[in-house]
Amino acid sequence: MSLVGELRTFLRAALVTPVPRSRRDSTPVLRRRRMVSAVTLLVGTAVLWWSLQLRPGDPLFYAGTAALAATWLVGAFLAGPLHLGRAHTRSGSAYARPVVQSLVLGALLLGVFLTGALLVAQVPVLRGPVDDLLDHARYGSLLLVLVITMVNGVAEEVFFRGALYGAIPQRLTVAATTAIYALTTVVVGVPLLVLAAACVGLVCGLQRRVTGGVLGPIITHLTWSTGMLLLLPPLLSSLG
């Protein structure tokens with residue numbers, strides 16, 4: 001099989017063809033998911049806005065982003081049961097936890113965004129807000145920012161592709177969670193962050209639909225976000 005054929009088959013298995021499952025939430029669980037998700041979304045968006053208004057290097061930034069992760073996690077677990085999910089194996093005759101598949105998706109996303117950064121670096125109006133956002137890593141503790149990025153990545157997927165996804169009617173889940181996830185980042189004031197959230201949200205939403213759980217989206221998100229944190233600053237610096 002050609003490389004293009006392999007890629008097409010992989011993307012179909014990872015993002016298009018759902019793994020069979022039969023579980024359904026009861027009416028009381030669904031009602032609880034919707035109420036808790038709505039409250040969590042409002043609180044989380046407010047905390048996100050506040051934490052990213054802080055100056056780079058401000059110790060309160062770490063407290064704010066930790067509070068944000070706690071908000072998403074607490075809301076997700078209060079909303080109802082969460083599932084890890086299963087993915088198609090390469091043979092197509094069995095199912096497994098979506099680990100390798102998700103690592104590959106995350107790496108593909110990372111490659112696309114780093115390529116796009118080559119263009120962004122040449123447009124000051126786009127690059128400026130991105131540099132301001134990355135200053136939290138440049139002027140603060142990179143290790144702490146990395147840990148916070150990873151914890152928030154897990155928390156976001158557990159909430160947006162777990163609790164919130166399960167609270168939305170099935171025919172709207174991918175579109176609605178992608179749109180809501182992107183809209184929560186509007187308060188940050190970085191247009192490219194909204195675009196990134198929409199792209200990552202779409203891929204992770206499709207993964208959630210295929211696998212029926214949050215493990216795949218978590219791994220994909222972590223691969224992309226940690227790669228961006230570690231590779232984007234030196235890439236932009238090298239481009240002047």
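The values are calculated or read from the model by the stated rules, or taken from the named source; none is laboratory data. Note that the structure is predicted; figures quoted are calculated from it, not measured. Glycine gets a Cβ as well: all are built from the backbone with ideal geometry, and neighbour counts include every protein chain shown. The protein model used for the area step is the full one, side chains on, heavy atoms only, and it has no ligands, DNA or RNA in it. Shrake-Rupley method; radii C 1.70, N 1.55, O 1.52, S 1.80 Å.
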> What is the residue count in segment 220-240 for residues that are surrounded by fewer than 17 Cβ atoms within 10 Å (Cβ to Cβ), under 17 Å from T115 (Cβ atoms) and not polar (S, T, N, Q)?
Replying inline: 5
> Can you find a residue in segment 206-219 that is charged (D, E, K, R) and open to solvent by 40 Å² or more (accessible area, probe 1.4 Å)?
Replying inline: yes
>> Scan segment 122-136 and tell me whether some residue there is surrounded by 13 or more Cβ atoms within 10 Å (Cβ to Cβ), in contact (Cβ under 8 Å) with a residue 24 or more places away in the chain and outside any helix (DSSP H, G or I).
In response: no
> So T149 fits all but one of (1) in contact with a Cys (Cβ under 7 Å, 6 or more places away or on another chain); (2) more than 24 Å from G80 (Cα to Cα); (3) hydroxyl-bearing (S, T, Y); what number is the exception?
Replying inline: (1)
>> Looking at L183 and the list (1) under 15 Å from the mean Cα position of the chain (by Cα); (2) without any contact (Cβ under 8 Å) to a residue 60 or more places away in the chain; (3) closer than 27 Å to A87 by Cβ, which single condition is not satisfied?
In response: (3)
> Mind checking which residues of segment 1-46 are in contact with a Phe, Trp or Tyr (Cβ under 9 Å, 6 or more places away or on another chain) and without any contact (Cβ under 8 Å) to a residue 40 or more places away in the chain?
Replying inline: P20
>> With open to solvent by less than 80 Å² (accessible area, probe 1.4 Å) and within 20 Å of G189 (Cα to Cα) as the only criterion, which of L48, L30 stands out?
In response: L48
>> Being open to solvent by less than 30 Å² (accessible area, probe 1.4 Å), within 23 Å of P233 (Cβ to Cβ), in contact (Cβ under 8 Å) with a residue 24 or more places away in the chain and in contact with a His (Cβ under 7 Å, 6 or more places away or on another chain): is that true of G140 here?
In response: no
> How about segment 31-66: which of its residues are assigned to a loop (DSSP other than H, G, I, E, B) and either within 17 Å of V158 (Cβ to Cβ) or of a type outside the set (S, T, N, Q) (or both)?
Replying inline: L52, L54, R55, P56, G57, D58
>> Given the criterion more than 15 Å from the chain's Cα centre (by Cα), at pLDDT 95 or above and within 18 Å of S102 (Cα to Cα), identify the matching residue among V210, V158.
In response: V210
> Restricting attention to segment 74-104, which residues are part of a helix (DSSP H, G or I), open to solvent by less than 40 Å² (accessible area, probe 1.4 Å) and either among the acidic types (D, E) or within 30 Å of V36 (Cα to Cα) (or both)?
Replying inline: G75, A76, A79, S102
